[in-house]
Structure formats: structure tokens, C-alpha cells
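Structure record follows, encoded as C-alpha cells.
Read-outs throughout are calculated quantities, based only on the coordinates presented, and are distinct from any laboratory measurement. Keep in mind it's a predicted model, so treat the numbers as computed, not measured. Backbone-built Cβ (ideal geometry, glycine too); neighbour counts: all protein chains shown.
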Amino acid sequence: MKLKRSILLVALATVASAAFAQNLFSNQSASVNQVALFSSSTALNGSAAPAGGFYSELQTDGAPAPNTIANTSAGFSVHTIGPTGTNFRLADDFAVTGPGWNVTGVKVYAYATGTALATNWLTGGNLRIWNGRPGESTSSVIFDSGALTSSQIGHSNTFTTNAGTGNHYRIFNSSPGTSAPGSTRSIREFTFNLNLNLGAGTYWIDYQLERLVGTTYSTVFNPSTTHQGVRGVAGANALQFNGTAWVSAIDAGIIVPANTTPAAGSADVAQEIPFVLTGQPVPEPMTMAVLALGALAARRKKNKKA
């Protein structure tokens, strides 16, 4: 009886833990619970971020002045300009481990310059999951959310990075002689809700966000992942759809503090896109066996009482 009761308790605990979504993956982050947008309460030049907030600052390659090169792109276009305009999209890959994942949400991060912090400026979006690199003949879309309205996509002003939980502002590098940090690029977290079972393997997310101001579509930017003291990470391979084709998401760099563009091709660095996947891992076969034994023990106990 004690053994059966123990088995049942383990099974119930497993079921209870699986019932709640958890962070499964955070691209290029040391923790699944943090977004890879290296943040700080102060900029590199000592300027303090707005109260309760953090700066996500473009980094440099660490070389001494006057040859210091910083990232030059605060974000990549990820918006639609309507049926007849350029439709930008962004994509990046992730690997599913273990027996698989039940993905219930994909969180992405974007800003629209000059928007009020409390305003949800999103008017729509779309998310697709590919089983390979987007645009290639061997790849196909295995999930498509279709056109979603703002009410179908979760929205939050705050999220967690290495610096903590709060509002985050994208700023250019603040090395001496560069532009003063500002708070016009407040980064939002948007959540695409879905219910998709993925087996072990490599997949790609591909998404687009929409902002309609009056009758005019407006720009939306997605920051690249940010890492202390480097302009990019090894193996970075994010893609941007530029309206015609999928191309690598590249940051060309800029020399600071002179703010002059380096020679063509000399400082191109591939980038990654921050995103978080939520859901539940598929139980291991042994866990499934424990669940089955627990269910059997519970049924036998019920039959005895009857």
C-alpha cells in the first residue's frame, strides 16, 4: 500500500508540474528566465536609466580608441507596410531537446521609436514555425498563426534580463563623444500564444509585427541580442526578410567616438534575435511509465473501496 501511495503521489506531482507553462528556451541567454538584451541601470558614460528601468546598450568590440567599433543598428525592421508595401520579417533557430516540447507561447521583443511607455502600439502580427531555414527548398512551414489582431497577442512593458525585471530602453553606444542616452525606444514583450508539439530537432521561428497609426502603417524594430563587451556571438545566423528575399541580419558597425562608418565589409557582424519559448517538456518514457503505474494504483484502490 505504501509503495502504491508513493507512486500515485509522484504521478500527481508530475501531472501538476506539467499543467503550468514554464520557460523552455531563451535565445543566446545563460538562463531561460532572462532575455539576452544585456541591460544596466546606467549607461557606459554613467548616465542613469529612467527610474525603475534599464538601458540595453549597443556594445563595442573592445578595441582602444580611435579604432573602437560599436554596433550601429539599434534594431532590425520587423513590420508590415500594408498589402502593397515592404513586408519585413525576422527569423532565428532553436533546438528542441529530450523527447520534445509542447510549445504554448513565443515571446518576442520590439520597439516603435517615440511611443508612450504605457501604450500598446501593436495592431497585429503573424508567427510561423519552420522545420528548417526559411526560404530553402528543403524547408517547410509547420505552423502558421495567420493574421492576428492586437487582442490575440499578449503585451507587457516589463520583462527580465540580467539586470532585473522592469522597463528596458534600447540606446546607442554611449562612449565619450557619442549621442546622450535617451528613453524613446522602450522595448515591449509580445507573446504569440499557440499549442504545438515539437519533437527533438532544430526549428526556426519567423514573425512579423504590425503598427497602424491612423490609416498609415508605421515602422517597428526588433533589437538583436546584446552581450557585454562584444558586438555579436559566434555562430549567429538570424535572418531578415527584406520584402524580396531572406538575408542575414548583419550589423555593419560604426567607429566611435568619431561616428564614422568603417570600410565596406570590414566590420560586418552577424546577429541573433532575442526570443523566449514557453510551454512544457514532453515527459521522459520513464515518467510516462510512472504515470501509468500511478493511474493503475489509483484505479485498483477505487475498485477495492467499491
Cα long-axis angle, helix 285-305 against the chain (0 to 90 degrees, to the nearest 10):
40 degrees
For Tyr217, Tyr111, which order do you get if you count the other beta carbons within 10 Å of each Cβ and list the fewest first?
Tyr217, Tyr111
How would you classify the stretch 62-169 from its alpha-carbon gyration tensor, with a ≥ b ≥ c the square roots of the eigenvalues: rounded for a/c under 1.5, else prolate if a/b is greater than b/c, otherwise oblate?
rounded
Can you tell me the orientation of helix 2-18 relative to the chain, as the angle in degrees between its alpha-carbon axis and the longest Cα principal axis, to the nearest 10?
30 degrees
Determine which residues of the stretch 93-131 fall in the zone a paramagnetic label at Glu284 would reach in this model, i.e. backbone nitrogen under 13 Å from the point 7 Å along Cα→Cβ.
98-100
Which net charge results for the neighbourhood of Asp93, defined as the other residues with beta-carbon distances under 14 angstrom from its beta-carbon, given Lys and Arg at +1 and Asp and Glu at -1?
-2
Relative contact order for the stretch 24-285 using alpha-carbon pairs under 8 Å, separation at least 6, rounded to a whole percent?
35 percent
From a point 7 Å beyond the Cα of Ala258 in the direction of its Cβ, which residues of the stretch 66-86 have a backbone N at a distance under 11 Å?
66-68
Would you mind counting up the charge near Val269? Only other residues with Cβ under 13 Å from its Cβ, with Lys and Arg at +1 and Asp and Glu at -1.
-3
Starting with the highest mean, order 27-39, 125-137 by the number of other Cβ atoms within 10 Å, averaged over the residues of each peptide.
27-39, 125-137
Provide the descending list of Cα extents for the stretch 218-265 along its principal axes, expressed in whole angstroms.
34, 24, 22
Rounded to the nearest whole number, the per residue volume of the convex hull around the C-alpha atoms of the chain in Å³ is 180 Å³
